[in-house]
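**Student:** The following block contains the structure, expressed as structure tokens.
The values are calculated or read from the model by the stated rules, or taken from the named source; none is laboratory data. Nothing here was measured: the structure is a model prediction, and the numbers come from that model. Note that we place each Cβ from the backbone using ideal geometry, even for glycine, and neighbour counts take in every protein chain shown.
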Amino acid sequence: MRFFDLAFATYRRELANPIFVVASDDRQWCEKAFDKHDDVVITNKNSALFDFALLASCNHSIYDYGSFGFWTSVLAGGKTILAKGWSNITHPLLRAIEKYPPPNWRLFDLPEARDGTEDRVTSLLRQHGLY
């Protein structure tokens, strides 16, 4: 959750009036996690193809894990904020991105996003002027 807060805060600082579009197979989690954000729109129960096309049409991306988000981020172009350390399992795409980072992609190393500790996350937020 803190990864998304950091990513949202970064784009709010860098972009004029961003709107965040969220697509997920777990809409309930998204509604609970993002209900405090007025600038977050969660897609309705659309098809995966519709959500894919919608995300690929966005100007910038926040990518947490998996091939779906990877490809929508690539196709969207623009800036991408990527969670490193989001999962205990390093996805093969993440290994490739770490080795050959695409232009305008930033990796936020947040292993504490997994284990729930907030001290390092808060420190990162402060470091980026976002806390």
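**Student:** Which of the residues that make up the stretch 61-71 are part of a loop (DSSP other than H, G, I, E, B) and either crowded, with 22+ Cβ neighbours inside 10 Å or not acidic (Asp, Glu) (or both)?
**Tutor:** Hits for the stretch 61-71 are TYR65, GLY66.
**Student:** Would you check which residues across the stretch 72-104 are at pLDDT below 90, surrounded by fewer than 18 Cβ atoms within 10 Å (Cβ to Cβ) and outside any loop (DSSP other than H, G, I, E, B) and list them?
**Tutor:** Of all residues in the stretch 72-104, those at pLDDT below 90 come to 82-103.
Narrowing the set further to residues that are surrounded by fewer than 18 Cβ atoms within 10 Å (Cβ to Cβ) leaves 84-85, 87-93, 95-96, 98-103.
Listed by number, the residues that qualify are LYS84, PRO92, LEU93, ARG95, ALA96, GLU98, LYS99.
**Student:** Answer yes or no as to whether LEU55 is surrounded by 15 or more Cβ atoms within 10 Å (Cβ to Cβ) and either modelled with pLDDT under 90 or over 29 Å from ALA96 (Cα atoms) (or both).
**Tutor:** Spelling it out, it is not the case that LEU55 is surrounded by 15 or more Cβ atoms within 10 Å (Cβ to Cβ) and either modelled with pLDDT under 90 or over 29 Å from ALA96 (Cα atoms) (or both).
**Student:** Failed condition for CYS58, given (1) farther than 15 Å from THR80 by Cα; (2) outside any helix (DSSP H, G or I), with all others met?
**Tutor:** With respect to (1) farther than 15 Å from THR80 by Cα; (2) outside any helix (DSSP H, G or I), CYS58 is out only on (1).
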